[in-house]
Amino acid sequence: MFDSCFVARLNRYLDLTPSERDAITQLERDPKNYAAGTTLWTEGDDVSELLIVHQGWALSETRLTGGKRQILRFHFSGDLIGASGIAFRDAPASIVAATDMVVCRFPRMALGETFIAHPRLAALFFSISQMESIDLSDRLRAMGRSEGKARLANLFLSIAARMRAVTGEHNPVVRIPLTQSDLGDAVGLTQVHVNRLIRQMTEEKLITRNRSTVTLLDEQGLVALSRFVDRFSSVDSSWFPPAAG
């Protein structure tokens with residue numbers, strides 16, 4: 001069994017008990033490999049599973065009028081895919097592998113059983129889901145009120161914050177294996193506009209980009225530009241129920 005990046009992510013927020021760790025690893029018993037470009041499910045599919053990402057990146061996307069793509073979320077190691085749409089049987093968005101991936105699929109029923117046995121984990125899962133929801137709201141606000149450069153800054157900082165929540169390392173070099181088209185479809189900009197803005201941000205010594213990595217040279221400058229708020233650095237667990245005995 002591989003080391004669980006999902007357990008590592010949860011453990012950043014809460015000191016998990018051995019029983020809670022075991023409950024999570026039971027959800028990761030069946031890892032499967034997917035090649036880049038694979039559609040894991042399509043918007044509107046009847047979905048009865050959730051996914052834990054062990055390796056690689058996926059896109060959560062929907063199609064707009066005229067066939068244009070809107071990327072709603074990026075998923076990478078330590079992420080639980082499908083939680084945001086768990087209230088529905090039909091998938092609210094398509095999930096597509098952006099890179100080669102290792103993913104663990106498990107039935108929704110297994111999550112319900114985990115919540116019954118470990119109510120503290122249920123509270124943590126709910127909190128993380130809300131953190132991600134607020135982060136998405138922040139990005140939508142940036143798209144509606146900010147210039148393109150601020151939108152990109154917000155996106156880069158959000159990805160960095162989520163990665164740091166998994167690794168626990170404050171590294172200015174962030175792996176972002178996405179195309180400029182992917183970035184543009186996430187923040188409502190054309191590929192040409194993204195290319196121009198990245199050049200500007202490089203000239204202003206805010207970032208550098210080298211293939212699949214982005215280095216945050218002036219993180220405080222990026223925060224000031226985008227008014228970014230890190231939604232992933234901590235969680236208020238004061239209301240959580242106690243760990244199951």
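Check off (1) over 28 Å from GLY85 (Cβ atoms); (2) in contact with a helix residue (DSSP H, G or I) (Cβ under 9 Å, 6 or more places away or on another chain); (3) assigned to a helix (DSSP H, G or I) for GLU132 and give me the number that stays unchecked.
Single failed check for GLU132: (1).
From the list ALA142, ALA117, which residue is surrounded by fewer than 17 Cβ atoms within 10 Å (Cβ to Cβ) and of a type outside the set (Lys, Arg)?
After ruling out the rest, the residue left standing is ALA117.
Out of (1) over 19 Å from the mean Cα position of the chain (by Cα); (2) surrounded by 16 or more Cβ atoms within 10 Å (Cβ to Cβ), what's the single condition that is false for HIS75?
(1)
Would a scan of the stretch 160-169 turn up a residue that is outside any helix (DSSP H, G or I), without any contact (Cβ under 8 Å) to a residue 60 or more places away in the chain and either surrounded by fewer than 18 Cβ atoms within 10 Å (Cβ to Cβ) or over 17 Å from the mean Cα position of the chain (by Cα) (or both)?
Narrowing the stretch 160-169 to residues outside any helix (DSSP H, G or I): 168-169.
From what is left, the residues that are without any contact (Cβ under 8 Å) to a residue 60 or more places away in the chain are 169.
This time we only want the ones that are either surrounded by fewer than 18 Cβ atoms within 10 Å (Cβ to Cβ) or over 17 Å from the mean Cα position of the chain (by Cα) (or both), so: 169.
Scanning the stretch 160-169 turns up at least one residue that is outside any helix (DSSP H, G or I), without any contact (Cβ under 8 Å) to a residue 60 or more places away in the chain and either surrounded by fewer than 18 Cβ atoms within 10 Å (Cβ to Cβ) or over 17 Å from the mean Cα position of the chain (by Cα) (or both).
I need the full set of residues from the stretch 201-226 which are assigned to a loop (DSSP other than H, G, I, E, B), at pLDDT below 95 and of a type outside the set (Ser, Thr, Tyr), in order please.
Within the stretch 201-226, ARG211 is the sole residue that qualifies.
For the stretch 74-92, state whether one or more residues are in a strand (DSSP E or B), within 22 Å of ARG164 (Cα to Cα), hydroxyl-bearing (Ser, Thr, Tyr) and not assigned by TED's automatic domain parsing to the domain that holds LEU189. Please lay out each step first, then the result.
Step one: filter the stretch 74-92 for residues in a strand (DSSP E or B), giving 74-75, 80-81, 90.
Now restrict to residues that are within 22 Å of ARG164 (Cα to Cα): 74-75, 80-81.
Keeping just the survivors that are hydroxyl-bearing (Ser, Thr, Tyr) gives none.
No: zero hits.
If I filter the stretch 46-71 down to residues being aliphatic (A, V, I, L, M) and modelled with pLDDT under 95, which single residue comes out as surrounded by the most Cβ atoms within 10 Å (Cβ to Cβ)? Write out each step before concluding.
Pass one, the stretch 46-71, residues aliphatic (A, V, I, L, M): 47, 50-53, 58-59, 64, 71.
Then keep just the ones that are modelled with pLDDT under 95; that gives 47, 64.
Details: VAL47: 20, LEU64: 9.
Residue satisfying both the conditions and the ranking: VAL47.
Looking at GLU49 and the list (1) without any contact (Cβ under 8 Å) to a residue 24 or more places away in the chain; (2) out of contact with any helix residue (DSSP H, G or I) (no Cβ under 6 Å at 6 or more places or on another chain), which single condition is not satisfied?
All conditions are met except number (1).
What are the pairs, 6+ residues apart or on separate chains, where a residue within the stretch 66-81 that is basic (Lys, Arg) has its Cβ under 7 Å from a residue that is part of a strand (DSSP E or B)?
ARG69/GLU61; ARG69/ARG63; ARG73/SER60
Does GLU219 qualify as being at negative phi, loosely packed, with under 14 Cβ neighbours inside 10 Å and charged (D, E, K, R)?
no
The values are calculated or read from the model by the stated rules, or taken from the named source; none is laboratory data. The shown structure was predicted, so the numbers you read here are calculated from the model rather than taken from an experiment. Cβ sites come from the backbone with ideal geometry, for glycine too, and all protein chains shown count toward neighbours.
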